[in-house]
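The values are calculated or read from the model by the stated rules, or taken from the named source; none is laboratory data. Bear in mind that the values here come from a model prediction, so they are computed numbers and not experimental data. Cβ sites come from the backbone with ideal geometry, for glycine too, and all protein chains shown count toward neighbours. The accessibility values were calculated without ligands, DNA or RNA, using every heavy atom of the protein model including side chains. Shrake-Rupley method; radii C 1.70, N 1.55, O 1.52, S 1.80 Å.
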Protein chains: 2
Amino acid sequence: MFRTHTCGELRLSDTGRHVILSGWVQRIRDKGSLIWIDLRDRYGITQLMLEEGKTTPALIEQVRQLGREFVIRVEGLVVERISKNPQLATGDIEIEPHSIELLNKSKLPPFTIEDMTDGGEELRMKYRYLDLRRNPLKENLLLRHKLALETRTYLDALGFIEIETPYLIKSTPEGARDFVVPSRMNPGEFYALPQSPQTFKQLLMVSGFDRYFQIVRCFRDEDLRADRQPEFTQIDCEMAFVEQDEILNTFEGMVRFLFKKVKGIDIEPFIHMDYAAAMRLYGTDKPDLRFGMSFVELTDLAQGKGFGVFDGAELVVGINASGCASFSRKQIDALTDFVKRPQIGAKGLFYVRYNEDGSLKSSADKFFSQHDLQQWVERCDAKPGDLLLILSGATHTTLKQLNELRLEMGNLLGLRDPNHFKPLWVTDFPLLEWDEETQRFYAMHHPFTSPNQKDIPMLDTNPAEVRANAYDMVINGVEIGGGSIRIHNRQLQKKMFELLGFTDEEAQQQFGFLMNAFEYGAPPHGGIALGFDRLTALLAGFDSIRDFIAFPKNNSGRDVMIDSPSAIAPQQLAELQLEIRKISLP
Amino acid sequence: MFRTHTCGELRLSDTGRHVILSGWVQRIRDKGSLIWIDLRDRYGITQLMLEEGKTTPALIEQVRQLGREFVIRVEGLVVERISKNPQLATGDIEIEPHSIELLNKSKLPPFTIEDMTDGGEELRMKYRYLDLRRNPLKENLLLRHKLALETRTYLDALGFIEIETPYLIKSTPEGARDFVVPSRMNPGEFYALPQSPQTFKQLLMVSGFDRYFQIVRCFRDEDLRADRQPEFTQIDCEMAFVEQDEILNTFEGMVRFLFKKVKGIDIEPFIHMDYAAAMRLYGTDKPDLRFGMSFVELTDLAQGKGFGVFDGAELVVGINASGCASFSRKQIDALTDFVKRPQIGAKGLFYVRYNEDGSLKSSADKFFSQHDLQQWVERCDAKPGDLLLILSGATHTTLKQLNELRLEMGNLLGLRDPNHFKPLWVTDFPLLEWDEETQRFYAMHHPFTSPNQKDIPMLDTNPAEVRANAYDMVINGVEIGGGSIRIHNRQLQKKMFELLGFTDEEAQQQFGFLMNAFEYGAPPHGGIALGFDRLTALLAGFDSIRDFIAFPKNNSGRDVMIDSPSAIAPQQLAELQLEIRKISLP
């Protein structure tokens, strides 16, 4: 037997027991006549104590051969500690070992196994199995496990059933790029890995399973950005015989339940905001509502005063940075540099300082009178001591730039506390997005999203204005998930594919099975998918998902630990009837 | 709102309520002045009743336009039925509709949506979404959901944590054939889909997560047999600081818990049998213990009597078919034909009939006296009325043949009741298997399985005799899963790869990350993986797994519903730098 107890388990009441523990040597303190060892496992740390004269010389000699991360099995007696450690759950006791068995040696780890490690990113990825020994990563995976379990508990209680959908499916050119899997039994043909189980969950609604969910891996072969992974996990859900409100209530309920269960906090009810308002007020479809500074349009007030920058702009729009009139010239210059960074691309930043004495100072005083500026601060609801920050230019671009500035101000002013949660639903997304480059519409959500019933007549006359029954869940400026009411009618689905530029043949070849299914009594249905990696990170108060995934890939899609992807044997290629053709793409 | 209640919910106490239901038209009975409609959803069936004179003519006219599988929304009044239907949970009431809204039409389904359908296999696969509407399939998926949930409950309570491992991993030539995934970002390189998360769960043990599980999809590109799927689901588990007994007890406990929770039955404690005994007594490593007829060796009694067939055989072995002395000549001929089928390949079947009067009759009476045969029946523990069935030949082949005959006898005599469960652990498998064709050893379980400590010295002298710390869970002759204590020592792992014919370089290139991990304090560990599809089918009393998977593939690995695998766009191939080379393999 390797252990009678874990290293996090023994208490004062266990004093006098003979126990067996197994674990890793976290630390050895050798004071000559006294030696202490911290023995660690997943559950905690227990101190071993050896004393010259009391412990046999052989055992002391053996202990002196141990090193960090050695794995040992210890038999010994639980005794009360003289100097207790209240930081440690087991800090009231220690073990006097009778015997120690070396289970495995360890080389010196390439970085220290401590909460704050000295390992760089690449090194920690290569030795991920050692990085996962550290408490913060261990806690992240425990949290993830708990979240998944509670998600299932909540959904099961509401009659949702988890149904596994296939991972080897069919490639479709719509949407992001698929990972494909060559079929040996059908040479020249390929499966694709799912970007989501979308069509399958819709078919399950046609089958009558009216409440489906799945915590499921999804795959996207995209050029990876900082916090994207080629494989990621989704809480995927679908309901039949529902309207949008019931879906929103159900999943607002789920997120509130998870915060309560896992973090013990009651988060606020979700704010509802339509897409148009989110864009107008925050310049983004995922506003961070932990702080105010919503946008105020100033175009009418700003134009016609001879200031060329504003007069030539489609939009002049500002935010009120409350209490920031005291910003120094240097601070304002830094903000100007921020918005002029190529990633943001504004030409400049205009400000109005509302001094404590009621006077107003702007960065273009030549053009604007105190009376002019007074109208601005009134519209912005500013008080003495506040600072207006104003951008101008083409509408869409300027809104995006001001969103970046607003978030930067939130960061500077410490208004984005990761332990304060501000959830919202963004609704009424446009159905379609026009792409200038390819001169066609793309589905903003996906081709299965239902247009708003009221807007259906506009599909023919003004498709760009048609709203969708689509919604996103946003918490603290992070898109946690999104969904929609789906099309369940063959004709409407066909129409949608037409708008997206599919020929009838292409639509039938790629999605014929779904359109056929719609002819056999498809119920009204809709659903949602939440990013599970991101939800877990958010709950823990982190931005990056990488440390919430046991074995993530790096930004080139590589697993540097197992060294994958890698070459395969010529025989494997031959069986698949594939040849690698080393060409450079344009 | 689409519904206030489901179609399985209303009871006598709901009489007088105005309700809204939505569902599918299961059946319409039109008796002229009275029309009944069975409205179906996932939860049950509720009867709607329309009556000329009472119901408006317009509504009656509307109802006459409905057909099977149309989707409708009904508002109406709950009334007590005059003739109640005790077969139906809602059989005390019916609905008098005020209004009916057609939500979607349905074409006539290609087969009937009833418990016993008229659809053939291919048709049902093509219209899987309709087949899943049938009760038996719906119940199968509900059972599967419940089993997964209870599995998680059990393991979580024991401190196991579910950790998701990657699906895009690295191809290794050992074991079955991998599905591979070309990497666009690393042209010419491939990921592989996991055949199991084996190495990752071992790394998690190195990380200290001491109790891991995952309900996880696995992939094998094998030529499909009747009941194999290219993707399948596994309950995958691993534990650190354990010995074999603790693993067996934990997962015996899990299976007993699942049977209790899901079927409400207490199954018997697992029998333990070593591999050698299973082969000797049943000719298989997965014996069906719902019935006896264990093998009895008769070689010594059968030889030396001048019967050439036996004298030239390595093994003469029989089973006692209790009470079968009354089998007719025709029945015995049929058994002879059975064992002579090419799939089984015996040359003939020898029998000894122990008549009720105590006389003995064999199929080679010329060579064996009553006294000879008396010794045989004694050894077989046979009584008057019994029948011995005997095969002979090379040991391994003969045991396999007699296993088939024994199972066939079990079928004929009705001894294999699918609702009677007889679980066992088969232990002490050989570590290695010699393959004549490739003239090398293969790992019987996998290359990470630890040899039995006692047999380690034989690794150099007699590797074929080395036993492994490996075990299979077998219920009713079905292998539900298997596992082993793993190697956790770099030197022993290296030795194992040598025995399997790996060069040092190959071992390092393919499994270097694991062997390196063993040098940083790897704890003793072991685990198990259970086939979740098969476990679900077994619990439901079925042999085939196909109807316990929502969207299975056919025997050519095709999903005939979505028509996958399929050709991909030339642009996709170009991005992957791949060319299809249509060659025929030898």
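So the values come out like this:
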{"read-out": "Answer residue from region B:212-248, given it is more than 9 Å from every other protein chain (Cβ to nearest Cβ) and acidic (Asp, Glu) and is nearest to B:Gly526 (Cα to Cα) among those", "value": "B:Glu238"}
{"read-out": "Unmet requirement for A:Lys126, which otherwise passes all of (1) facing chain B (nearest Cβ under 9 Å); (2) open to solvent by 10 Å² or more (accessible area, probe 1.4 Å); (3) closer than 30 Å to A:Lys263 by Cβ; (4) of a type in the set (D, E, K, R)", "value": "(3)"}
{"read-out": "Every pair of residues 6+ apart whose Cβ atoms lie under 6 Å, when the first sits in region A:194-211 and is touching a residue at least 60 places away in the same chain (Cβ under 8 Å) and within 10 Å of chain B (Cβ to nearest Cβ) while the second is open to solvent by 10 Å² or more (accessible area, probe 1.4 Å) and not hydroxyl-bearing (Ser, Thr, Tyr)", "value": "A:Gly208/B:Arg42; A:Gly208/B:Arg133; A:Asp210/B:Arg42"}
{"read-out": "Test for A:Thr151: is it more than 7 Å from chain B (Cβ to nearest Cβ) and assigned to a loop (DSSP other than H, G, I, E, B)", "value": "no"}
{"read-out": "Odd one out for A:Asp156, checked against (1) open to solvent by 20 Å² or more (accessible area, probe 1.4 Å); (2) within 25 Å of A:Leu204 (Cα to Cα); (3) more than 10 Å from chain B (Cβ to nearest Cβ)", "value": "(3)"}
{"read-out": "Flag for A:Val474 being aliphatic (A, V, I, L, M) and touching a helix residue (DSSP H, G or I) at 6+ places or on another chain (Cβ under 7 Å)", "value": "no"}
{"read-out": "Filter result (in contact with an Asp or Glu (Cβ under 8 Å, 6 or more places away or on another chain) and at pLDDT 95 or above) within region A:184-195", "value": "A:Ala192, A:Leu193, A:Gln195"}
{"read-out": "Single unsatisfied condition, B:Leu298 versus (1) touching a Ser or Thr at 6+ places or on another chain (Cβ under 9 Å); (2) free of Cβ contacts under 8 Å to residues at least 24 places away in the same chain; (3) of a type in the set (A, V, I, L, M, F, W, C)", "value": "(2)"}
{"read-out": "Filtered residues of region A:297-311 (kept if within 23 Å of A:Gly410 (Cα to Cα) and either out of contact with any helix residue (DSSP H, G or I) (no Cβ under 9 Å at 6 or more places or on another chain) or surrounded by fewer than 20 Cβ atoms within 10 Å (Cβ to Cβ) (or both))", "value": "A:Glu297"}
{"read-out": "Yes/no for B:Glu174 being out of contact with any helix residue (DSSP H, G or I) (no Cβ under 7 Å at 6 or more places or on another chain), of a type outside the set (Phe, Trp, Tyr) and surrounded by 20 or more Cβ atoms within 10 Å (Cβ to Cβ)", "value": "no"}
{"read-out": "Some residue of region B:489-497 being part of a helix (DSSP H, G or I), in the same structural domain as B:Lys201 (by TED's automatic domain parsing) and touching a strand residue (DSSP E or B) at 6+ places or on another chain (Cβ under 7 Å)", "value": "no"}
{"read-out": "Options A:Tyr275, A:Tyr354; residue that is in contact with a strand residue (DSSP E or B) (Cβ under 8 Å, 6 or more places away or on another chain) and either within 30 Å of A:Tyr154 (Cα to Cα) or of a type in the set (Lys, Arg) (or both)", "value": "A:Tyr275"}
{"read-out": "Identity of the residue in region A:177-227, of a type in the set (Lys, Arg), closer than 30 Å to A:Ala240 by Cβ and within 24 Å of the chain's Cα centre (by Cα), that ends up least open to solvent (accessible area, probe 1.4 Å)", "value": "A:Lys201"}
{"read-out": "Members of region A:162-181 that are under 27 Å from A:Gln577 (Cβ atoms) and at the interface with chain B (Cβ under 7 Å from one of its Cβ atoms)", "value": "A:Pro166, A:Tyr167, A:Leu168, A:Ile169, A:Lys170, A:Ser171, A:Pro173, A:Phe179, A:Val180, A:Val181"}
{"read-out": "Qualifying residue in region B:542-555 (condition: more than 11 Å from every other protein chain (Cβ to nearest Cβ), on the phi > 0 side of the Ramachandran plot, open to solvent by 40 Å² or more (accessible area, probe 1.4 Å) and at pLDDT below 95)", "value": "no"}
{"read-out": "Per-region count, region A:18-34, residues farther than 18 Å from A:Gly67 by Cβ and either modelled with pLDDT under 95 or away from chain B (no Cβ under 11 Å) (or both)", "value": "5"}
{"read-out": "Filter result for A:Lys582 (open to solvent by 10 Å² or more (accessible area, probe 1.4 Å) and either more than 7 Å from chain B (Cβ to nearest Cβ) or not in a strand (DSSP E or B) (or both))", "value": "yes"}
{"read-out": "Among the residues listed as A:Thr15, A:Thr56, the single one being away from every other protein chain (no Cβ under 14 Å), more than 29 Å from B:Gly159 (Cβ to Cβ) and either open to solvent by 30 Å² or more (accessible area, probe 1.4 Å) or aliphatic (A, V, I, L, M) (or both)", "value": "A:Thr56"}
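So that you can scan it fast, the table gives a plain yes or no per residue for (1) under 36 Å from the mean Cα position of the chain (by Cα); (2) of a type in the set (A, V, I, L, M):
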residue: B:Asp300; (1), (2): no, no
residue: B:Gly308; (1), (2): no, no
residue: B:Val316; (1), (2): yes, yes
residue: B:Asn320; (1), (2): yes, no
residue: B:Cys324; (1), (2): yes, no
residue: B:Lys330; (1), (2): yes, no
residue: B:Gly348; (1), (2): yes, no
